[in-house]
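K.L.:
To start, I am sharing the structure in question, which I have written as structure tokens.
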Amino acid sequence: MKPPSLNQQTLRPNKMGIGFIILVIAMLLAAINYGNNIIFFISFLLISLMGNSAWQTRRQLKSCALSVYAIAPRHAPEAGVWRIQIHSELPNPAIHIKALGAGSIVCALPAATTLGVDLPLAPLPRGHYPAPIIVLSTQYPIGLWTAERRFHWANQRQWVYPEPQGKAPFPRSDLAEKKGGSTAARHEGDEQFDHLRGYTAGDALNRIAFKQFAKTGQLVTQQWQSERTESDEIHINFNQMSGSIEANISQITQWVLQLSNLPIPFTLKLPGHAILRGHDDRHRQQCLEALALFLIPQGTSKNRHEHVRAQGATQ
């Protein structure tokens, strides 16, 4: 795992520490005013305790190191989980870990130990977001100072897919209707190459696109236009759906998840997006990512003034 792009450490007195400082200043003023050597001695003793506590608190947190795993995709509005590992060279019975925007976890770390933690992530609307900043903090050993470290991995992202919701049946396939209601002979032009689809068991070897396999490592099969009339492929076309944008996106997400568990290839067509065809896990991932980032293009006739503002959606 790459090191974090951000690793900042701060040290500040907490409420108890501020009260402690005010007390020491008051004692010093009293010692100066009355010339009391005992108060002087106690004041300087407390100052040395304060300074040593700051050094110890900072040292405790500096001994901690973090490593992270990839953030698992989730569906809105679910809260996420980020698996991380924290290693400490020194014992720390109370270290706080949190992702900004979510709740914190308190861990007890023995010396020279690595601990796995499932860090909660805040619920987000559908979209593609940078990973949140992870904050480690501690007040150990005597609670006068709060040491804090912030980690951020710029290469980590989190996918939030749309909420799968809807009970509508799968859309009717125009190709299936052609298959049952048309007996027209194939013309020579029908034998034109159409597209690549995911490999399925039983596909002829001469139809496998080995050049594509060499480039991507994924087995795909050449699909010919004449074969499409014999396919039971289901076509999902956003422009043919009625209702609000978010309701349609949720319904399509439901269909994608259901079709991924069935031996039926399907095609997804979204306005302003390339047509997605296939049936493997990669196809499902591409469909869900396209739905997570989907925005109605300007100038389309469907809900022209209604736009999904997926906060933080990028790239």
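Nothing in this text is a laboratory measurement; each read-out follows from the coordinates by a stated rule. What you are looking at is a predicted structure, and each value in this text was computed from that prediction instead of being measured. Here Cβ is always computed from backbone atoms with ideal geometry, including for glycine, and neighbour counts include all displayed protein chains.
K.L.:
Can you give me the distance in nm between label points at residue 242 and residue 214, each placed 7 Å from the Cα along the Cα-to-Cβ direction?
P.N.:
5.2 nm
K.L.:
So what's Rg/Rh here for segment 38-106, counting alpha carbon atoms and using the Kirkwood radius for Rh?
P.N.:
1.23
K.L.:
Can you check what the net charge comes to around residue 79, using other residues whose Cβ is under 15 Å from the Cβ of residue 79 (Lys, Arg +1; Asp, Glu -1)?
P.N.:
Net local charge, residue 79 excluded: +1.
K.L.:
Which order do 105, 95 fall in if you start with the one that has the fewest other Cβ atoms within 10 Å?
P.N.:
Ranked by crowding around the Cβ, least crowded first: 105, 95.
K.L.:
Here is a further query. Take the Cα of residue 154, step 7 Å along the line toward its Cβ, and report every residue of segment 27-69 whose backbone nitrogen sits under 20 Å from that point.
P.N.:
66-69
K.L.:
Take residue 107 and residue 83, extend 7 Å from each Cα along the Cα→Cβ direction, and tell me the distance between the two endpoints in nm.
P.N.:
Output for this residue pair reads 1.4 nm.
K.L.:
Under 13 Å from the Cβ of residue 7, count the other residues' Cβ atoms, weight Lys and Arg +1, Asp and Glu -1, and hand me the total.
P.N.:
Summing Lys/Arg as +1 and Asp/Glu as -1 gives +3.
K.L.:
For segment 6-161, just say rounded, prolate or oblate: build the C-alpha gyration tensor, square-root its eigenvalues into a ≥ b ≥ c, call rounded for a/c under 1.5, and beyond that prolate if a/b exceeds b/c, oblate if not.
P.N.:
prolate
K.L.:
Could you work out the local net charge near residue 117, counting Lys and Arg as +1, Asp and Glu as -1, over the other residues with Cβ closer than 12 Å to its Cβ?
P.N.:
Values: positive: 83, 98; negative: 118.
So the environment of residue 117 carries a net charge of +1.
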